[in-house]
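Quick notes on the structure that follows.
Just so you know, all these numbers are worked out from the coordinates, no wet-lab data involved. Being a predicted model, the structure only gives us computed values, none of them experimental. For neighbour counting, all protein chains shown are included, and Cβ atoms are generated from backbone atoms with ideal geometry for every residue, glycine included.
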Amino acid sequence: MKGMVILIRGLPFSGKTKVAEKINEELLKKGILTVILDQETLRKSLFPEIDYSEDNWKTIMERLNHLIAILVQGGQNVIITTTVPKKEFLQTFRENNECFFEVFLNIPPDLCQEKDNQSILPAVVKVFEPSGFPDVTITSVDQINEIIERFEELGYADTYESEEEEEIKKRLQNLGYID
């Protein structure tokens, strides 16, 4: 069984990693195991020679797509945090993954700037294109419930009321699938 991809996209220092961690916690409660891949951490460790010039973004996205494809083909669910500045790069993620869910973290650059001690934000803001069709857009890292609700609405997680869950368990026991 193939895995799914949850892509969390936003400007640098917008809180993508925090959102990924919270989504991971909520999905774990539902029995959905995920691995979190952080674009910046991967770039620094796997290809540190690549900077954030516009030409290099394509290389970064190609490598991330390749890594994600390997994990997803193996059945792993992946949460990736990334800036993905261009819509065309985002479209490649979408096209390469059957089960794809995008969260757009729409945090204004001035709020991100407060955390940017490396001064990379201005260069990214110049080329960053807002997402045209995310599955959910949030403006705060505290909107995890909205993400999970939309995730469930789209059928990415089976959700049952406790009465329904008990009925399903009884049916599975009667069929001999569980003790």
Which of the lysines could a cross-linker bridge to K87, judged by Cα under 19 Å and excluding same-chain residues fewer than eight apart? K16, K58, K126
Explain nothing, just the number: relative contact order of the chain, from Cα pairs under 8 Å at least 6 residues apart, as a whole percent. 33 percent
Under the Kirkwood approximation applied to all pairs of distinct alpha-carbon atoms, what is the hydrodynamic radius of the range 42-179 in Å? 18.0 Å
Where does the chain land at 222 nm, in deg cm²/dmol rounded to the nearest 500, when only DSSP H runs of n ≥ 4 count, each adding -39500 (n - 2.57), divided by all residues? -14500 deg cm²/dmol
Which aspartates and glutamates have a Cα less than 19 Å from the Cα of K86, not counting those fewer than 8 places away in the same chain? D38, E40, D51, E54, D55, E62, E95, E102, E129, D135
Pick from V72, V103, V84: which residue has the top mean-square fluctuation in a GNM of the chain where Cα pairs under 10 Å get a spring? V72
Taking only Cα atoms, what is the 0 to 90° angle, nearest 10, from helix 16-29's long axis to the longest principal axis of the chain? 10 degrees
Pull up the cross-link candidates among the lysines for K18, meaning alpha carbon to alpha carbon under 20 Å and not fewer than 8 places away within one chain. K29, K30, K44, K115
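How do the peptides 73-82, 2-11 rank, highest first, by the average count of neighbouring beta carbon atoms within 10 Å per residue? Write down the numbers at each step before the final one.
Numbers: 73-82: 18.4, 2-11: 24.0.
By packing density, highest mean first, the sequence is 2-11, 73-82.
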